[in-house]
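Worksheet: one structure, shown below.
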Amino acid sequence: MKNLFLFLYRNNYSIIFFLLEILCLALIIRNNNFQNASAFNSSNKIVGSVMEVVNYMNEYINLKATNKNLAQENARLRSLMPDAYYESNVLRNSVSDTIKHQQYSFIVAKVINNSMARRNNYLTLDKGSMQGVKPEMGVITSQGVVGIIKNVSAHYCTVMSMLHKDMRISAKFKNNNYFGSLAWEGTDPTIAVLKDIAKHVVFKTGDTVVTTSYSAVFPENILIGTVANADIKPGENFYNIRIKLSTNFSNLTYVYVVDNLLKSEQRKLEEATVNNDH
């Protein structure tokens, strides 16, 4: 308190001058319409600019929560899409009853680790068995396919990325349904190669490539990428088609773990069929 009084005493002339300046300015603005209007407009502009900065900071601070909420909402909407259901047509007494059943559900997860520069790349997600994640579940984003769940702990899981030498995906052209096997060659993280497409198949640069219905891991028609270019070696009957991947693996944040609710039934039936042939 003593220091405050000393400061006021030493600077009393300057303080009085400053207060008088403010008083004069207030009287001028109050008694002159032009200055009054100018001051009012200037103050509104300053307040507006300050509010814009405050709103921007609030939006930035809440960006993490906003992204998480959007990811959860997208997962819910994906569960309502037609591709997340299968239809059973039951014919009884010449009456056809079509009943839709949920086939796929989606779990939102955050990427907490990701590699791109290796020959075998993996991701780590912040969801595990406690949230219903299991090995061999598919992982996608709004951009397209990401990979397949490899190992699971209580609270985390690892994902075999599409950028892995052992990764194989059943893929097809969206416009004509010709399908083949898609794999990463281990060099460019934006390019994969689609094989087993016969040389009589007609396609062009820019054609869309999506997942097929032959996998129990991914729903059908999930985006994989577009045709970049292709070649066929003399004497061979199949193309090597380079696909520009739609997923940008360098900025993955939130992903969706795909739970095929009918996968166990499909796998058991297929295994039983194979075993009966031996």
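The values are calculated or read from the model by the stated rules, or taken from the named source; none is laboratory data. Every value quoted in this text rests on a predicted model; they were computed, and no experiment measured them. Neighbour counts are summed over all protein chains in view; Cβ atoms, including those assigned to glycine, are modelled from backbone coordinates with ideal geometry.
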### Message
For segment 178-212, give me each residue that is part of a loop (DSSP other than H, G, I, E, B), surrounded by 15 or more Cβ atoms within 10 Å (Cβ to Cβ) and within 25 Å of the chain's Cα centre (by Cα).
### Response
TRP184, PRO189, THR190, ASP207, THR212
### Message
Given the criterion surrounded by 14 or more Cβ atoms within 10 Å (Cβ to Cβ) and in contact with a Pro (Cβ under 8 Å, 6 or more places away or on another chain), identify the matching residue among VAL152, VAL146.
### Response
VAL152
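For segment 145-152, check the following and say yes or no: at least one residue is among the hydrophobic types (A, V, I, L, M, F, W, C) and not assigned by TED's automatic domain parsing to the domain that holds ASN114.
Filtering segment 145-152 for residues among the hydrophobic types (A, V, I, L, M, F, W, C) gives 145-146, 148-149, 152.
From what's left, not assigned by TED's automatic domain parsing to the domain that holds ASN114: none.
No, every residue in segment 145-152 fails to be among the hydrophobic types (A, V, I, L, M, F, W, C) and not assigned by TED's automatic domain parsing to the domain that holds ASN114.
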### Message
Whether any residue in segment 215-227 is of a type in the set (A, V, I, L, M), loosely packed, with under 15 Cβ neighbours inside 10 Å, more than 27 Å from VAL108 (Cα to Cα) and touching a strand residue (DSSP E or B) at 6+ places or on another chain (Cβ under 8 Å) is what I want to check.
### Response
no
### Task
Answer yes if at least one residue in segment 235-245 is surrounded by fewer than 20 Cβ atoms within 10 Å (Cβ to Cβ) and hydrophobic (A, V, I, L, M, F, W, C), and no otherwise.
yes
### Residues being free of Cβ contacts under 8 Å to residues at least 12 places away in the same chain and touching a Leu at 6+ places or on another chain (Cβ under 8 Å) - total across segment 233-278
0
